[in-house]
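J.: Shown below is the structure under consideration.
FYI, it's all coordinate maths here, none of it is from the lab. Quick caveat: nothing in here was measured; it's all calculated off a predicted structure. Here the Cβ is made from the backbone with ideal geometry for all residues, glycine too, and neighbour counts use every protein chain on show.
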Amino acid sequence: MKLSTFMPLILSAAAEAHYVFPSIANTKDWTVVRQTKNFQSNGPVTDVSSIDMRCYQMKGATQVFNVTAGSTLNYNVRTSISHPGPLAFYIAKVPEGESVVDWDAAGKVWSKIYQDHPSISASGMSWPSQGRTSVSVPIPACLADGEYLLRVEHIGLHSASAVGGAQLYISCAQISVNGGSGTYAPKNLVAFPGAYPANDPGLVINIYYPIPKSYTPPGPPAETC
């Protein structure tokens, strides 16, 4: 096989091993979710100090999706979550007088609303999101009405035994929440980048051998109402 033919096959196989989160619910790709820099390559973020940690954004989205507080929202995956690792969701409220369509969400405005954890046994670590083509998140019933960015983050830990080996797959959806009680008071607001140190134990870990006895994902705990 000629090298010119072989190289596209390698690149295609690499892209298929990775994934993106291009849409929520029944929306079309990149209409409500801000188009990420990996929309073609499916490649991850590996530098946690990069601005890409916020939304991995290449281009903004033009639409906003209406969500009822207390409901569950699906975030769609292309093609599927093929790597082992934790899934988290963060949310950030758009300030009064601004629009989610062009808000940059800089600073300590993000709070974690969902975090999953692995099951650990003598045979290894099992991750609830691995293999999924969509993942769901409960939208807290206590949110105040208004516009938000909803950030999904999945961390592939298959090559995470050294700093920079963890692979982060990220995107942000533009939503408008209604019907909430307005009592949400997060205890731990974080900024992206800045929330995760490069040597965080949740990012630098050998998940295969010896099998870890416990695992704590990076970032704050998930907030509750």
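J.: Round to the nearest 10 and give me the degree value, 0 to 90, for the angle of helix 3-17's Cα axis relative to the longest principal axis of the chain.
T.: Taking the Cα atoms of the chain, the angle to 3-17 is about 50 degrees.
J.: Restricting to DSSP H runs of at least four residues, report the calculated mean residue ellipticity at 222 nm for the chain, -39500 (n - 2.57) per run over all residues, nearest 500 deg cm²/dmol.
T.: -2500 deg cm²/dmol
J.: Determine, from the Cβ-Cβ distance of A198 and T27 and an R0 of 35 Å, the FRET efficiency 1/(1 + (r/R0)^6), rounded to the nearest 0.05.
T.: 0.55
J.: Name the residues of segment 55-89 whose amide N is less than 13 Å from a point 7 angstrom out from the Cα of N178 along the C-beta direction?
T.: 65-69
J.: Checking the a/c ratio against 1.5 first, then a/b against b/c, what shape does the Cα gyration tensor give for segment 18-178?
T.: prolate
J.: Suppose every Lys and Arg Cβ carries +1 and every Asp and Glu Cβ carries -1, with no other charges. What dipole size does the chain come out with about its Cα centre, to the nearest 20 debye?
T.: The dipole of the chain has a size of about 400 debye.
J.: Sorted from fewest to most neighbouring beta carbons within 10 Å, what does the list H18, H117 look like?
T.: Starting with the residue having the fewest Cβ neighbours, the order is H117, H18.
J.: Moving to a separate point now. Once you put a point 7 Å from the Cα of T133 and another 7 Å from the Cα of L189, both along the Cβ direction, what distance in nm separates them?
T.: Placing both labels 7 Å along Cα→Cβ, they lie 4.0 nm apart.
J.: With unit charges on the beta carbons (Lys and Arg positive, Asp and Glu negative) and the dipole taken about the Cα centre of the chain, which residue among I24, S159, I113 sits farthest to the positive side?
T.: The listed residue farthest towards the positive side: S159.
J.: On to the next question. Could you list C55, C142 so that the one with the fewest beta carbons within 10 Å of its beta carbon is first and the one with the most is last?
T.: Ranking C55, C142 by Cβ neighbours within 10 Å, fewest first, gives C142, C55.
J.: How far, in nm, would the chain grow between T68 and Y209 when pulled straight, counting 0.36 nm per residue and subtracting the alpha carbon separation?
T.: Going from the current span to full extension adds 46.4 nm.
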